[in-house]
Every structure is written in structure tokens, then in C-alpha cells.
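The structure appears right after this line, and notes come after that.
The values are calculated or read from the model by the stated rules, or taken from the named source; none is laboratory data. What you are looking at is a predicted structure, and each value in this text was computed from that prediction instead of being measured. Cβ sites come from the backbone with ideal geometry, for glycine too, and all protein chains shown count toward neighbours. Heavy atoms of the whole protein, side chains included, go into the accessibility calculation; ligands, DNA and RNA do not. Shrake-Rupley method; radii C 1.70, N 1.55, O 1.52, S 1.80 Å.
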Amino acid sequence: MNSLIVESWNPYRSDDLVATAPAASRDDVTRAAQAARTAQAEWMSIGPTARGAALRRIGDRLEQEAGALAGLMVREVAKPVAEAKGEMARAIGIVHYAAQQVLDPYGETYPNDAEGYLLTQRRPRGLAGLITPWNFPIAIPLWKAAPALATGNGVLLKPSPEALGCATELVRILAAELPEGLVALLPGGAETGSAVVSAADAVSFTGSCAVGRTVISAAAGRGVPVQAEMGGMNPAIVLADADIERAAADLAYAVTGYGGQKCTATRRVLCERAVYDDVVAALRERLAGAVAGDPADPATVVPPLINAAATERARAVVDEAVAAGATPVYRGEGGVALLTGVPARAVLAREELFGPVVQVAAVDSLDEAVATANDTEYGLTAGVYGRAVDACLRVAERLDAGMIKINAPTTGVGLHTPFGGSKASSYGPREQGKTARDLYTQIHTITLGTP
Ligand code: NAD
């Protein structure tokens, strides 16, 4: 991609150019922001019921086009077809949920010593600037855009270059039911992203930590609210009384699903020593069964990674860990790998590797399990497996992660629950559910005295 043209290529068939567009310049972003501001006034003026109806119709359109959009995800970001269909179902659910949210209470009344009333009212920020990654090319832009629109905002979307085709289709569907210019698609890379941060009244970012920190500083420097969802080094703890086969099935899926290219993928497994050998054996067997290859084949779990650089980095990080002393218990097709004894100095021990790779270690106590799980700068998701619910809960409440799963994969969360992490994984208010509006609205307090 040169800086003026955005190109998105099929990761599985390297000669297939999926989408291309000129990158939006700073002037393009300014013009789109002006148009969106005009449209936002109209969007507010039609009232909540009409806004909800428009969102519902968007959901219906997504439903009608779900098959084609899932096919485009398979082609553009090599998402395995079953997961692509699942993402479409989620996308439809997100918009239908947002369509109902327009009728939620939007203020409170407070007691007042004097006569009269004290009221609060939530108002839209104005323009939401959305900067999104490629790994959920429909659902992530939508789980930001839907609440932004439901609460009365306009939207500037700067999608990942690798997901340009999906974003283009999504914005076409949104635009068909919304005032002209309310949602703007702004293709491009870092420069366009930075222009979007400069033009928005609230910023929502999902992507890597390094870029997230730049976006956070730029937005904070302008004094606009910002939310950033970033990477993870998600641990799963297997307690001695866990159902090992059941845990191994979940873990294998959370390690290999979409080739480990999910922010919530399990990266580290910590086992009580009594079950360590059994967990390693069961997980190894499951990993060996994860089918790699064509994302259009319904059997495929591990597609090619998003691009050649990602594939090369994954291989190099595993090689470096092995050279540093780790044991490669399993290395299979598609880069699937299970390592034990990964030394703390290895890159794999500290940095997120966006690939189907897991490290397993033994721990001698619950305290050690919790301390090791929390010994990372990240804190997105974490898991605990065990039969005794009280023990699982005691561990869960000590894990410093935004989303904690007991006897369930670290990947996957409900579309109506708060989504976000601790420490370096997240910044700002939570996404999704009722909490999403904290970013997209501002609370105003009104005092009504007697005349
Ligand atoms: P990335 O950080 O490379 O890019 C994310 C977006 O930021 C893209 O649209 C990119 O073009 C844009 N961008 C790049 N430089 C910018 C700049 N200087 N200013 C403004 N925008 C800029 O991430 P990616 O490779 O697309 O996605 C993978 C990463 O996303 C992983 O680290 C993963 O963990 C994370 N992720 C997190 C979540 C979550 O909810 N926590 C969800 C999905 C992915």
C-alpha cells in the first residue's frame, strides 16, 4: 500500500485484490466531518422512535445480505466461514439491540432542598471517530457505530486497510437508511486515522497497544474523550479438579480459532502441577486436530494469518522462544504451536503474538497461579477451569482482567455486556451494552428553580 492508495488483498489467494480506494486526506476528513455535523442535526431532530426504526431497518438489511457479507469476510480477512457467519449473526444482534436503546431513559432527577427540580440529561457528543482493526471487520465497526448512532451522533469510520472491502459494504448498508453524510467512510492508514482523531468529538479505537497509546495521547491532548481496546496476554488457569478433556477442548478452540487472531484468545495456560502432564497431553492432541487451510472450507479452524509479515513474525517469535530454551511440545500446520518452559526473557513470554500459539506452565499453589496470571502488563480476558465453583470464584475475583470466564473459553462475550480490559489492554469507558453510551454521550445537569 502506498500512502495514497489503500489496497486490501486476500490472505489465502495472494493474487486476489479484494478492494482498493484512495486514502482520505486531512482535507477529505475535514469535509466529511462538516457534512456529518450537518446530518447529525437532522438525525437528532427526527426523534428517538424514527432513529430506532432506521437502526432496525439496517439490521434487516444486514440479515438479507448476511451470506454475501460472510463470504466477503472469508475472502478479505480469511475468516473461517463458520466464524464469519457467527460474526454476521452478532452484527445483526448488535444493531437490533441498539435500535431498542434509543428508548432508554436518558436522564435522572435528583432531590433538591429548594423548590423546583434538579435534572440530568445525556446528549450526544456530536461526531464519533472510530478507528478499527481487521480481525472483526463488520462486528467491531458496528459495535462502535450502532451505539454512537443510537445516542444521536454522526460517525467517521477509519477502518483497517486490510478490511476495506467489508467496511465499504457496511457503510453502504448504513448510509441507505441514514441522513446523507451522517456516516463517513475514511479509508487510509496512520495519517487518516490521526486526522479522524483531530476531527472527532469522541474517539473509539480498537487495535494494538502501540497505536492505541498514540491515539489516546492525541485525543487527550485535544481534550476529547477516548476509549481504546488493545491487546492481551490472556491466561487460563486449570485447577486440579477440572474436567481435563472439557478444558482442553475449550482451550484448543480459544488458542486456534481464527488462527489465534482474536484479542481474547488464550495465550497462556497455567496448570496445577497434579494435572500439568494430563493438560499438556490433552491440549497437544486437540491442537493436532485443528484443521488448517482454506477459510472457505467449513472444517477449517486455522486459516493463513492476515499477511506475510504476520506469518513471519509468528514463526520468528516461536523460533526465538525455542532458541532461548523453551520446549516445542507441538508445532503443526498453520503455525499452531504449544510450548512449555518459555523463559521470561523470550518475546513470547511478554508480548502478544497474534497467532495460534500457546505456552503452558505448571504452578504449585493458587497464589502462584494468580500471581503468574497477573504478571503481565495486559489484562483483557482470563479463564479458570475447575469443578468446585467456590474455588473458581475465589480465583476469578483475584484475576486482574476485564473479562473473566469460569469453565468457558476466554474468547467470546455477550453483545449486551460491558466489554473491556484492565491495565494496558484498555483505556476509557467500557464498550457494548448499557455502558457504551458513557463514551458517546455527555451528562448535562439542569437546575429548574421557581420563577
Ligand atoms: P493496529 O493497531 O495495527 O491498527 C488498528 C487501526 O489503527 C487500523 O485502522 C490502523 O490503520 C489504525 N492506525 C494505525 N496507526 C495509526 C495512528 N498513528 N493513528 C490513528 N490510527 C492509526 O491493529 P490491527 O493489526 O489492525 O489489529 C490487531 C490488534 O488489535 C491486536 O493487538 C489485537 O489484540 C487488537 N484487538 C483488540 C480488541 C479488543 O477489543 N481489545 C479487539 C480486536 C483486536
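Quick notes on this structure:
- Scanning the range 210-232 for residues that are surrounded by fewer than 24 Cβ atoms within 10 Å (Cβ to Cβ) and among the charged types (D, E, K, R) turns up ARG213, ARG222.
- Considering (1) near the ligand (Cβ under 10 Å from one of its atoms); (2) in a loop (DSSP other than H, G, I, E, B); (3) within 24 Å of TRP43 (Cα to Cα), the lone condition that LEU178 does not fulfil carries the number (1).
- Criterion: more than 10 Å from the ligand (Cβ to nearest atom), touching a strand residue (DSSP E or B) at 6+ places or on another chain (Cβ under 6 Å) and either closer than 23 Å to PRO303 by Cα or basic (Lys, Arg) (or both) - qualifying residue of ARG246, ARG268: ARG268
- Selection status of SER198, open to solvent by 10 Å² or more (accessible area, probe 1.4 Å), of a type in the set (Ser, Thr, Tyr) and within 15 Å of the ligand (Cβ to nearest atom): yes
- Scanning the range 101-152 for residues that are out of contact with any Cys (no Cβ under 6 Å at 6 or more places or on another chain), closer than 15 Å to LEU174 by Cα and not hydrophobic (A, V, I, L, M, F, W, C) returns PRO141, LYS144, PRO147, GLY152.
- Pair list, Cβ under 7 Å, 6 or more apart: the range 186-198 residue within 14 Å of TRP134 (Cβ to Cβ), other residue within 6 Å of the ligand (Cβ to nearest atom) and among the aliphatic types (A, V, I, L, M): GLY193/ILE131
- Subset of the range 233-248 that is in a loop (DSSP other than H, G, I, E, B) and out of contact with any Cys (no Cβ under 9 Å at 6 or more places or on another chain) - its residue that is least open to solvent (accessible area, probe 1.4 Å): MET233
- Top-ranked residue in the range 399-451 [being in a helix (DSSP H, G or I) and of a type outside the set (Lys, Arg); ranked as farthest from LEU270 (Cα to Cα)]: TYR440
- For the range 421-436, a tally of residues being within 11 Å of the ligand (Cβ to nearest atom) and either open to solvent by 30 Å² or more (accessible area, probe 1.4 Å) or at positive phi (or both) returns 3.
- Any hit, the range 135-156, residues being surrounded by fewer than 24 Cβ atoms within 10 Å (Cβ to Cβ), part of a loop (DSSP other than H, G, I, E, B) and within 16 Å of the ligand (Cβ to nearest atom): yes
- Positions within the range 292-308 being aliphatic (A, V, I, L, M) and either over 15 Å from GLN261 (Cβ atoms) or modelled with pLDDT under 95 (or both), in sequence order: ALA296, ALA299
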